[in-house]
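> One structure, as structure tokens, below. Some questions next.
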Amino acid sequence: MSFTIIKHPLITDKLTRMRREDTSSKDFRENLNEIGQLMVYEIFRDVPLKEVDIKTPVTKTKGYTIDIPVVLIPIIRAGLGMTEGIQKLVPTARIAHIGLYRDEKTLEPVEYYAKKTENIESSYVIVVDPMLATGGSASKAIDIAKGWGAKHIKFVCLVSVDKGVKKLQNDHPDVDIYTASLDPVLNNKGFIEPGLGDAGDRIFGTK
């Protein structure tokens, strides 16, 4: 298990644009998609390859292709905002969906929708959500994915905080975590500071 903060000037610049209160939903979504694409390079660094025979316009040679199916699992609804950017670079990826909401009394995540893909047991599975705050939703989503038989799982977020990272590490020590930022504070309302605000509302222009 590893925890990786992916640092790059382009990611830092786009994340700063997203943090701004006056950033439009359109610009927020576009920057989120672009950061997702930039993060792909690090997330897939250890994906297995297989050797294949190919013919170029000049001669025959050996090449390498990804040797494992890829499944993306956005946590609905904010996770949908990161999925498109990742899928642009991995167009063969299948997409499963997990919908969770927080119970107002217990504050625990509750599943309201879950749809898996075929062959998830043998796939390279990436669970995505822009925010890793308390860690409850991320941990629950990974529980569901493991219940489907997923074994090779990574969690990818844009902004995280120490409390959420520790919960995910404690609950799922076999899952690698990737983030673009580790922010300092989780406030008493469950929002990361400085954070992004409510990512779902900002992606879809809702209140």
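Rundown of residues vs (1) touching a residue at least 12 places away in the same chain (Cβ under 8 Å); (2) in contact with a His (Cβ under 6 Å, 6 or more places away or on another chain); (3) not in a helix (DSSP H, G or I), yes/no style:
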site	(1), (2), (3)
Val127	yes, no, yes
Ala138	yes, no, no
Ile142	yes, yes, no
Lys167	yes, no, no
Asp174	yes, no, yes
Ile177	yes, no, yes
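> Sticking with this structure for a sec: Which condition number does Ser160 fail, the rest of (1) among the small types (Gly, Ala, Ser); (2) without any contact (Cβ under 8 Å) to a residue 40 or more places away in the chain; (3) not in a strand (DSSP E or B) being met?
Evaluating Ser160 over (1) among the small types (Gly, Ala, Ser); (2) without any contact (Cβ under 8 Å) to a residue 40 or more places away in the chain; (3) not in a strand (DSSP E or B) leaves (3) as the failure.
> If you don't mind, there's one more thing I want to ask. Can you pull out every residue in segment 179-189 that is outside any strand (DSSP E or B) and surrounded by 15 or more Cβ atoms within 10 Å (Cβ to Cβ)?
Filtering segment 179-189 for residues outside any strand (DSSP E or B) gives 180, 184, 187-189.
Correct list: Ala180 only.
> Pick from segment 44-97 the residues that are of a type in the set (Val, Ile, Thr), at pLDDT below 95 and closer than 29 Å to Val110 by Cβ: which of them is surrounded by the most Cβ atoms within 10 Å (Cβ to Cβ)?
Ile86
> Restricting to segment 103-125, name every residue that is of a type outside the set (S, T, N, Q), in contact (Cβ under 8 Å) with a residue 12 or more places away in the chain and either surrounded by fewer than 19 Cβ atoms within 10 Å (Cβ to Cβ) or more than 29 Å from Ile11 (Cβ to Cβ) (or both).
First, pick out the residues of segment 103-125 that are of a type outside the set (S, T, N, Q): 103-105, 107-116, 118, 120-121, 124-125.
Those left that are additionally in contact (Cβ under 8 Å) with a residue 12 or more places away in the chain: 107-109, 111-116, 118, 120-121, 124-125.
Within segment 103-125, Leu107, Glu108, Glu111, Tyr112, Tyr113, Ala114, Lys115, Lys116, Glu118, Glu121 qualify.
> Identify, please: which residue in segment 14-43 is surrounded by fewer than 12 Cβ atoms within 10 Å (Cβ to Cβ) and among the charged types (D, E, K, R) and is, among those, nearest to Gly85 (Cα to Cα)?
Only one residue tops the list, namely Lys26.
The values are calculated or read from the model by the stated rules, or taken from the named source; none is laboratory data. Here the structure is a predicted model, which is why all the values come from computation and not from measurement. All Cβ positions, glycine included, derive from the backbone under ideal geometry; neighbour counts span all protein chains shown.
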